[in-house]
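Everything below concerns the one structure shown next.
The values are calculated or read from the model by the stated rules, or taken from the named source; none is laboratory data. Bear in mind the structure is a predicted one, so any value in this text is a computation, not a measurement. Here the Cβ positions follow ideal geometry from the backbone for every residue, glycine too, while neighbour counts run over all protein chains shown. For the accessible areas, the whole protein counts, side chains as well, though only heavy atoms, and no ligand, DNA or RNA atoms are used. Shrake-Rupley method; radii C 1.70, N 1.55, O 1.52, S 1.80 Å.
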Amino acid sequence: MSKSKQELLGYQSHLIQDNLTYFKPTRTSTTVTFAEEIRSSLQEPKKSISPKFFYDENGSKLFDEICTLPEYYPYNSETEILQSIEKKLLPYLSNEFHLVELGSGSSVKTRLLIDVLFKSQKHLQYFPIDISEILDQSAKSLCMDYENLKVTGVVDTYEKGLDFIEHYDDKPNLITFLGSSFGNLDHNEGMKFLQRINTLMKSDDLFLIGLDLKKDHEVLHNAYNDSQKTTAKFNLNVLKRINEELGADFNLENFEHHAVYDEQKGRIEMYLRSLSEQSITIPKSDLSITLSKDELIHTENSHKFSISQIESYLKESNFEKLEMWFDSRKYFALVLGKKI
Ligand code: AVJ
(Lines give C-alpha, C1' and ligand atoms only; values in the text may rest on other atoms or scores of the structure.)
Protein backbone atom coordinates (compact mmCIF):
# COMPACT_ATOMS: atom_id res chain seq x y z
CA MET A 1 0.00 0.00 0.00
CA SER A 2 1.34 3.44 -0.83
CA LYS A 3 1.94 6.05 1.85
CA SER A 4 -0.65 8.34 0.36
CA LYS A 5 -3.45 5.82 0.82
CA GLN A 6 -2.61 5.38 4.51
CA GLU A 7 -2.57 9.12 4.98
CA LEU A 8 -5.83 9.45 3.12
CA LEU A 9 -7.40 7.10 5.63
CA GLY A 10 -6.17 9.30 8.47
CA TYR A 11 -3.61 6.99 10.04
CA GLN A 12 -0.33 7.61 11.72
CA SER A 13 2.22 4.94 11.04
CA HIS A 14 4.48 3.75 13.84
CA LEU A 15 7.52 1.78 12.81
CA ILE A 16 8.52 -0.14 15.91
CA GLN A 17 11.18 -2.40 14.42
CA ASP A 18 11.84 -3.57 10.89
CA ASN A 19 9.35 -6.45 11.13
CA LEU A 20 6.68 -4.54 13.06
CA THR A 21 4.63 -1.56 11.98
CA TYR A 22 1.27 -0.51 13.15
CA PHE A 23 -1.15 2.12 12.03
CA LYS A 24 -3.52 3.98 14.23
CA PRO A 25 -5.78 6.97 13.94
CA THR A 26 -4.64 10.07 15.78
CA ARG A 27 -5.56 10.16 19.46
CA THR A 28 -7.76 13.22 19.05
CA SER A 29 -9.84 11.66 16.28
CA THR A 30 -10.38 8.55 18.45
CA THR A 31 -11.56 10.59 21.45
CA VAL A 32 -13.88 12.70 19.31
CA THR A 33 -15.57 9.62 17.86
CA PHE A 34 -15.92 8.07 21.32
CA ALA A 35 -17.42 11.27 22.77
CA GLU A 36 -19.87 11.65 19.88
CA GLU A 37 -21.04 8.05 19.90
CA ILE A 38 -21.58 8.10 23.65
CA ARG A 39 -23.47 11.35 23.33
CA SER A 40 -25.91 9.92 20.83
CA SER A 41 -26.37 6.43 22.32
CA LEU A 42 -27.03 7.75 25.84
CA GLN A 43 -29.61 10.19 24.53
CA GLU A 44 -31.83 7.52 23.04
CA PRO A 45 -34.97 6.51 24.96
CA LYS A 46 -33.29 3.13 25.45
CA LYS A 47 -29.78 4.05 26.57
CA SER A 48 -26.86 2.03 25.32
CA ILE A 49 -23.07 1.94 25.09
CA SER A 50 -21.50 0.04 22.18
CA PRO A 51 -19.54 -3.08 23.22
CA LYS A 52 -16.60 -1.93 21.12
CA PHE A 53 -15.88 0.59 23.90
CA PHE A 54 -15.21 -2.18 26.44
CA TYR A 55 -11.67 -2.60 25.19
CA ASP A 56 -9.46 0.05 26.72
CA GLU A 57 -6.29 -1.36 28.24
CA ASN A 58 -8.01 -2.42 31.43
CA GLY A 59 -11.03 -3.80 29.56
CA SER A 60 -8.81 -5.90 27.31
CA LYS A 61 -7.05 -7.30 30.38
CA LEU A 62 -10.39 -8.11 31.97
CA PHE A 63 -11.50 -9.84 28.79
CA ASP A 64 -8.33 -11.96 28.86
CA GLU A 65 -9.21 -12.80 32.45
CA ILE A 66 -12.73 -13.81 31.39
CA CYS A 67 -11.11 -16.26 28.98
CA THR A 68 -9.46 -18.05 31.91
CA LEU A 69 -12.76 -18.56 33.78
CA PRO A 70 -14.08 -22.12 33.91
CA GLU A 71 -17.59 -20.83 33.11
CA TYR A 72 -16.50 -18.96 29.98
CA TYR A 73 -16.58 -21.98 27.66
CA PRO A 74 -16.30 -20.09 24.30
CA TYR A 75 -12.60 -19.59 24.78
CA ASN A 76 -11.92 -23.18 25.84
CA SER A 77 -14.10 -24.67 23.14
CA GLU A 78 -12.61 -22.65 20.32
CA THR A 79 -9.09 -23.34 21.57
CA GLU A 80 -9.87 -27.05 21.59
CA ILE A 81 -10.84 -26.84 17.90
CA LEU A 82 -7.78 -24.78 16.99
CA GLN A 83 -5.45 -27.17 18.78
CA SER A 84 -6.35 -29.93 16.37
CA ILE A 85 -6.76 -27.85 13.25
CA GLU A 86 -3.38 -28.43 11.63
CA LYS A 87 -4.22 -31.60 9.72
CA LYS A 88 -7.62 -30.26 8.71
CA LEU A 89 -6.44 -26.86 7.53
CA LEU A 90 -3.20 -27.78 5.77
CA PRO A 91 -4.94 -29.20 2.66
CA TYR A 92 -6.31 -25.70 1.98
CA LEU A 93 -2.95 -23.98 2.32
CA SER A 94 -1.25 -24.79 -0.96
CA ASN A 95 -0.75 -21.08 -1.64
CA GLU A 96 1.30 -18.70 0.47
CA PHE A 97 -1.08 -16.68 2.62
CA HIS A 98 -1.20 -13.46 4.55
CA LEU A 99 -3.01 -13.79 7.86
CA VAL A 100 -5.59 -11.07 8.52
CA GLU A 101 -7.24 -11.15 11.91
CA LEU A 102 -10.28 -9.11 12.92
CA GLY A 103 -10.38 -8.45 16.65
CA SER A 104 -7.04 -9.99 17.44
CA GLY A 105 -6.90 -8.87 21.08
CA SER A 106 -3.85 -10.40 22.67
CA SER A 107 -3.34 -12.84 19.73
CA VAL A 108 -3.10 -15.92 21.96
CA LYS A 109 -5.26 -18.22 19.85
CA THR A 110 -3.71 -16.77 16.73
CA ARG A 111 -0.45 -18.48 17.57
CA LEU A 112 -2.08 -21.81 16.85
CA LEU A 113 -2.91 -20.60 13.33
CA ILE A 114 0.48 -19.01 12.81
CA ASP A 115 2.05 -22.37 13.67
CA VAL A 116 -0.07 -24.08 11.03
CA LEU A 117 0.77 -21.47 8.38
CA PHE A 118 4.49 -21.84 9.05
CA LYS A 119 4.13 -25.55 8.29
CA SER A 120 3.31 -24.67 4.71
CA GLN A 121 5.23 -21.43 4.10
CA LYS A 122 8.54 -19.94 5.17
CA HIS A 123 7.49 -16.32 5.62
CA LEU A 124 4.29 -14.85 6.94
CA GLN A 125 2.80 -11.42 7.01
CA TYR A 126 0.23 -10.92 9.77
CA PHE A 127 -2.30 -8.09 9.86
CA PRO A 128 -3.99 -7.89 13.25
CA ILE A 129 -6.90 -5.43 13.32
CA ASP A 130 -8.03 -4.43 16.76
CA ILE A 131 -9.60 -1.40 18.35
CA SER A 132 -7.54 -1.95 21.47
CA GLU A 133 -4.06 -0.56 22.07
CA ILE A 134 -3.10 -3.94 23.48
CA LEU A 135 -2.01 -4.72 19.92
CA ASP A 136 1.34 -3.01 20.61
CA GLN A 137 2.41 -5.47 23.26
CA SER A 138 1.04 -8.63 21.72
CA ALA A 139 2.59 -7.83 18.34
CA LYS A 140 6.00 -7.28 19.90
CA SER A 141 5.98 -10.59 21.65
CA LEU A 142 4.86 -12.36 18.47
CA CYS A 143 7.79 -10.84 16.58
CA MET A 144 10.17 -12.09 19.22
CA ASP A 145 8.81 -15.60 19.00
CA TYR A 146 8.59 -15.97 15.21
CA GLU A 147 11.64 -15.09 13.21
CA ASN A 148 10.05 -14.95 9.78
CA LEU A 149 6.95 -13.08 10.82
CA LYS A 150 6.18 -9.57 9.69
CA VAL A 151 3.41 -7.80 11.59
CA THR A 152 1.45 -4.85 10.27
CA GLY A 153 -1.20 -3.92 12.82
CA VAL A 154 -4.18 -1.62 12.45
CA VAL A 155 -5.57 -0.14 15.65
CA ASP A 156 -9.12 0.59 14.56
CA THR A 157 -12.63 -0.81 14.08
CA TYR A 158 -13.09 -3.87 11.86
CA GLU A 159 -14.74 -1.80 9.18
CA LYS A 160 -11.87 0.67 9.00
CA GLY A 161 -9.35 -2.15 9.22
CA LEU A 162 -10.94 -3.87 6.25
CA ASP A 163 -10.79 -0.65 4.21
CA PHE A 164 -7.15 -0.51 5.16
CA ILE A 165 -6.14 -3.97 4.00
CA GLU A 166 -8.29 -3.99 0.87
CA HIS A 167 -6.05 -4.20 -2.20
CA TYR A 168 -2.93 -4.39 -0.06
CA ASP A 169 -1.39 -6.71 -2.61
CA ASP A 170 -2.33 -9.77 -4.69
CA LYS A 171 -1.36 -12.44 -2.20
CA PRO A 172 -4.13 -14.65 -0.87
CA ASN A 173 -5.44 -13.71 2.57
CA LEU A 174 -6.62 -16.03 5.28
CA ILE A 175 -9.09 -13.73 7.03
CA THR A 176 -10.01 -14.83 10.53
CA PHE A 177 -12.72 -13.62 12.86
CA LEU A 178 -12.47 -15.71 15.99
CA GLY A 179 -14.10 -15.86 19.42
CA SER A 180 -17.66 -15.36 18.16
CA SER A 181 -17.17 -11.61 18.15
CA PHE A 182 -19.55 -11.81 15.19
CA GLY A 183 -22.20 -12.50 17.85
CA ASN A 184 -22.15 -8.83 18.85
CA LEU A 185 -23.90 -7.98 15.59
CA ASP A 186 -27.64 -8.28 15.00
CA HIS A 187 -28.88 -10.00 11.86
CA ASN A 188 -28.73 -7.00 9.53
CA GLU A 189 -25.38 -5.77 10.78
CA GLY A 190 -24.02 -9.30 10.58
CA MET A 191 -25.22 -9.76 7.01
CA LYS A 192 -23.70 -6.45 5.94
CA PHE A 193 -20.47 -7.35 7.63
CA LEU A 194 -20.21 -10.74 5.93
CA GLN A 195 -21.08 -9.18 2.60
CA ARG A 196 -18.39 -6.57 3.09
CA ILE A 197 -15.82 -9.27 3.77
CA ASN A 198 -17.05 -11.33 0.86
CA THR A 199 -16.79 -8.39 -1.54
CA LEU A 200 -13.24 -7.58 -0.63
CA MET A 201 -12.12 -11.21 -0.83
CA LYS A 202 -10.25 -12.53 -3.81
CA SER A 203 -11.17 -15.91 -5.27
CA ASP A 204 -8.28 -17.69 -3.53
CA ASP A 205 -8.80 -16.05 -0.13
CA LEU A 206 -10.10 -18.06 2.81
CA PHE A 207 -12.37 -16.95 5.64
CA LEU A 208 -12.29 -18.61 9.04
CA ILE A 209 -14.95 -17.59 11.53
CA GLY A 210 -15.64 -18.81 15.08
CA LEU A 211 -19.29 -18.91 16.16
CA ASP A 212 -20.87 -19.71 19.48
CA LEU A 213 -23.69 -22.26 19.28
CA LYS A 214 -27.08 -22.37 21.00
CA LYS A 215 -26.99 -24.60 24.05
CA ASP A 216 -28.33 -25.27 27.52
CA HIS A 217 -29.52 -22.00 29.08
CA GLU A 218 -27.76 -22.55 32.36
CA VAL A 219 -24.42 -22.97 30.62
CA LEU A 220 -25.06 -19.74 28.72
CA HIS A 221 -26.20 -17.86 31.79
CA ASN A 222 -23.20 -18.91 33.86
CA ALA A 223 -20.75 -17.92 31.14
CA TYR A 224 -21.91 -14.31 31.53
CA ASN A 225 -22.57 -14.42 35.28
CA ASP A 226 -19.35 -15.98 36.54
CA SER A 227 -18.84 -16.64 40.22
CA GLN A 228 -15.70 -14.50 40.41
CA LYS A 229 -17.66 -11.54 39.01
CA THR A 230 -15.02 -10.82 36.38
CA THR A 231 -17.70 -10.30 33.73
CA ALA A 232 -19.35 -7.77 36.04
CA LYS A 233 -16.04 -5.92 36.38
CA PHE A 234 -15.58 -6.03 32.61
CA ASN A 235 -19.05 -4.58 32.07
CA LEU A 236 -18.67 -1.85 34.73
CA ASN A 237 -15.22 -0.93 33.42
CA VAL A 238 -16.80 0.86 30.45
CA LEU A 239 -18.21 3.45 32.89
CA LYS A 240 -14.77 3.90 34.43
CA ARG A 241 -13.42 4.44 30.95
CA ILE A 242 -16.04 7.10 30.20
CA ASN A 243 -15.07 8.79 33.47
CA GLU A 244 -11.38 8.75 32.59
CA GLU A 245 -11.56 9.68 28.93
CA LEU A 246 -14.64 11.87 28.76
CA GLY A 247 -14.53 13.39 32.24
CA ALA A 248 -17.82 11.82 33.37
CA ASP A 249 -18.90 11.28 36.97
CA PHE A 250 -20.39 7.76 36.95
CA ASN A 251 -20.23 6.24 40.42
CA LEU A 252 -19.62 2.55 39.74
CA GLU A 253 -21.14 1.63 43.10
CA ASN A 254 -24.49 2.85 41.81
CA PHE A 255 -24.59 0.30 38.99
CA GLU A 256 -24.97 -3.43 38.75
CA HIS A 257 -24.05 -5.96 36.07
CA HIS A 258 -27.07 -7.69 34.51
CA ALA A 259 -26.84 -10.46 31.88
CA VAL A 260 -29.76 -12.58 30.65
CA TYR A 261 -30.37 -15.04 27.85
CA ASP A 262 -33.28 -14.08 25.60
CA GLU A 263 -34.35 -17.37 24.08
CA GLN A 264 -36.53 -15.87 21.42
CA LYS A 265 -33.77 -13.61 20.14
CA GLY A 266 -31.14 -16.30 20.73
CA ARG A 267 -28.77 -14.00 22.52
CA ILE A 268 -27.24 -12.99 25.82
CA GLU A 269 -28.10 -9.38 26.55
CA MET A 270 -25.86 -7.44 28.87
CA TYR A 271 -26.84 -4.30 30.74
CA LEU A 272 -25.75 -1.97 33.53
CA ARG A 273 -28.61 -1.41 35.94
CA SER A 274 -28.92 1.90 37.75
CA LEU A 275 -29.39 1.15 41.45
CA SER A 276 -30.91 4.53 42.25
CA GLU A 277 -32.29 7.61 40.58
CA GLN A 278 -29.21 9.58 39.56
CA SER A 279 -27.85 12.22 37.21
CA ILE A 280 -24.63 11.92 35.28
CA THR A 281 -22.61 14.57 33.48
CA ILE A 282 -20.30 13.70 30.60
CA PRO A 283 -18.44 16.95 29.84
CA LYS A 284 -16.58 15.86 26.70
CA SER A 285 -19.83 14.60 25.21
CA ASP A 286 -21.50 17.83 26.25
CA LEU A 287 -24.22 15.77 27.88
CA SER A 288 -26.15 15.43 31.13
CA ILE A 289 -28.52 12.53 31.65
CA THR A 290 -30.75 11.22 34.40
CA LEU A 291 -31.32 7.57 35.12
CA SER A 292 -34.26 6.25 37.06
CA LYS A 293 -33.91 3.49 39.62
CA ASP A 294 -33.61 0.12 37.82
CA GLU A 295 -33.16 1.76 34.44
CA LEU A 296 -30.92 -0.33 32.19
CA ILE A 297 -28.08 0.78 29.95
CA HIS A 298 -27.61 -1.83 27.24
CA THR A 299 -23.95 -2.72 26.71
CA GLU A 300 -23.79 -5.91 24.64
CA ASN A 301 -25.63 -8.56 22.67
CA SER A 302 -23.93 -11.88 22.23
CA HIS A 303 -25.82 -13.97 19.70
CA LYS A 304 -25.77 -17.76 19.79
CA PHE A 305 -26.28 -19.61 16.52
CA SER A 306 -27.81 -22.82 15.28
CA ILE A 307 -26.06 -24.72 12.52
CA SER A 308 -28.86 -23.97 10.07
CA GLN A 309 -28.65 -20.27 10.92
CA ILE A 310 -24.92 -20.32 10.21
CA GLU A 311 -25.55 -22.03 6.89
CA SER A 312 -28.13 -19.49 5.82
CA TYR A 313 -25.91 -16.57 6.87
CA LEU A 314 -23.11 -17.95 4.72
CA LYS A 315 -25.33 -18.65 1.76
CA GLU A 316 -26.96 -15.22 1.87
CA SER A 317 -23.61 -13.48 1.92
CA ASN A 318 -22.21 -15.49 -0.98
CA PHE A 319 -19.89 -17.83 0.88
CA GLU A 320 -19.26 -21.43 0.08
CA LYS A 321 -18.87 -23.46 3.25
CA LEU A 322 -15.76 -25.59 2.95
CA GLU A 323 -15.66 -27.01 6.47
CA MET A 324 -17.41 -26.73 9.81
CA TRP A 325 -15.50 -28.02 12.85
CA PHE A 326 -16.79 -28.47 16.40
CA ASP A 327 -15.35 -29.01 19.86
CA SER A 328 -16.17 -32.27 21.65
CA ARG A 329 -19.16 -30.76 23.51
CA LYS A 330 -20.46 -29.11 20.33
CA TYR A 331 -20.56 -25.75 22.11
CA PHE A 332 -18.73 -23.86 19.40
CA ALA A 333 -18.18 -23.98 15.64
CA LEU A 334 -15.28 -22.93 13.47
CA VAL A 335 -16.26 -22.43 9.85
CA LEU A 336 -13.96 -22.26 6.86
CA GLY A 337 -15.39 -20.61 3.80
CA LYS A 338 -14.50 -19.06 0.50
CA LYS A 339 -16.11 -16.69 -1.90
CA ILE A 340 -18.52 -18.32 -4.33
C1 AVJ B 1 -15.69 -10.99 22.60
C2 AVJ B 1 -17.93 -10.50 21.97
C3 AVJ B 1 -17.14 -12.74 21.86
O4 AVJ B 1 -19.79 -12.04 23.59
O5 AVJ B 1 -18.83 -13.64 24.68
C6 AVJ B 1 -17.50 -11.91 27.20
C7 AVJ B 1 -17.48 -10.61 24.96
N8 AVJ B 1 -18.83 -10.23 27.03
N9 AVJ B 1 -18.19 -11.80 28.33
C10 AVJ B 1 -18.81 -12.54 24.12
C11 AVJ B 1 -17.92 -10.92 26.35
C12 AVJ B 1 -18.99 -10.78 28.25
C13 AVJ B 1 -17.47 -11.80 24.05
N14 AVJ B 1 -17.07 -11.50 22.64
- Task: Can you grab the distance from the C-alpha centre of region 20-45 to the C-alpha centre of region 125-200, Å, no decimals?
- Result: 19 Å
- Message: Quick one: 3J(HN,Hα) in Hz for region 330-340, Karplus 6.51/-1.76/1.60 with θ = phi - 60°, rounded, Gly and Pro as x.
- Response: 6, 8, 8, 10, 10, 10, 10, x, 9, 6, 6
- Task: Give me the Kirkwood hydrodynamic radius of the chain, using the inverse of the mean 1/r over all pairs of distinct Cα atoms, in Å to one decimal.
- Result: 20.9 Å
- Message: Given the options 67, 120, 103, identify the residue whose Cα lies farthest towards the positive end of the charge dipole of region 1-144 (+1 on Cβ of Lys, Arg; -1 on Cβ of Asp, Glu).
- Response: 120
- Name the shape class, rounded, prolate or oblate, that the alpha-carbon gyration tensor gives for region 55-184, where a ≥ b ≥ c are the square roots of its eigenvalues, rounded holds for a/c under 1.5, and otherwise prolate holds if a/b is larger than b/c and oblate otherwise. oblate
- State to the nearest 20 debye the size of the charge dipole of the chain about its Cα centre, where the only charges are +1 on K and R beta carbons and -1 on D and E beta carbons. 580 debye
- Task: As a check on your grasp of the helix formula, calculate [θ] at 222 nm for the chain: sum -39500 (n - 2.57) over DSSP H runs of n ≥ 4, divide by the residue count, round to the nearest 500.
- Result: -11000 deg cm²/dmol
- Considering the dipole of region 219-272 built from charges on the beta carbon (Lys and Arg +1, Asp and Glu -1) around the Cα centre, which of 271, 224, 258 is farthest to its positive end? 224
- Item | Net +/- balance of residues flanking residue 183 in space, Cβ distance below 14 Å, scoring K and R +1, D and E -1 | -1
- Item | Local electrostatic count, residue 254, Cβ distance below 14 Å [Lys/Arg +1, Asp/Glu -1] | -3
- Query: Thinking of region 126-177 as a set of Cα atoms, what percent of all their pairs are more than 17 Å apart?
  - Reply: 38 percent
- If you average 1/r over all unlike Cα pairs in region 172-294 and invert the result, what Kirkwood radius do you get in angstrom? 17.4 Å
- Query: Can you give the accessible area of residue 216, probe radius 1.4 Å, in Å² rounded to 10?
  - Reply: 90 Å²
- Note on the structure: Expected unfolding gain across residue 108-residue 123 under the 0.36 nm per residue rule, minus the alpha-carbon gap, is 3.5 nm
- Work through the residues other than residue 107 whose Cβ is under 13 Å from its Cβ and net out their charges, Lys, Arg +1 and Asp, Glu -1. -3
- Task: For region 218-292 and region 304-332, write down the distance between their C-alpha centroids in whole Å.
- Result: 31 Å
- Heavy-atom accessible area of region 258-340 with neighbours in place, 1.4 angstrom probe: carbon+sulfur share in percent works out to 44 percent
- Message: For region 105-170, what does the relative contact order come out to in percent, with C-alpha contacts under 8 Å and a separation of six or more?
- Response: 35 percent
- Those trypsin sites (Lys or Arg not before Pro) from region 299-340 that are DSSP loop and have at most 15 other Cβ neighbours within 10 Å turn out to be 329, 330
- Exactly which trypsin sites (Lys or Arg not before Pro) in region 145-216 are in a DSSP loop and have at most 13 other Cβ atoms within 10 Å? 202
- Task: Could you tell me which of rounded, prolate or oblate describes region 230-304, using a ≥ b ≥ c as the square roots of the eigenvalues of the alpha-carbon gyration tensor, with rounded for a/c under 1.5 and, failing that, prolate when a/b is larger than b/c and oblate otherwise?
- Result: prolate
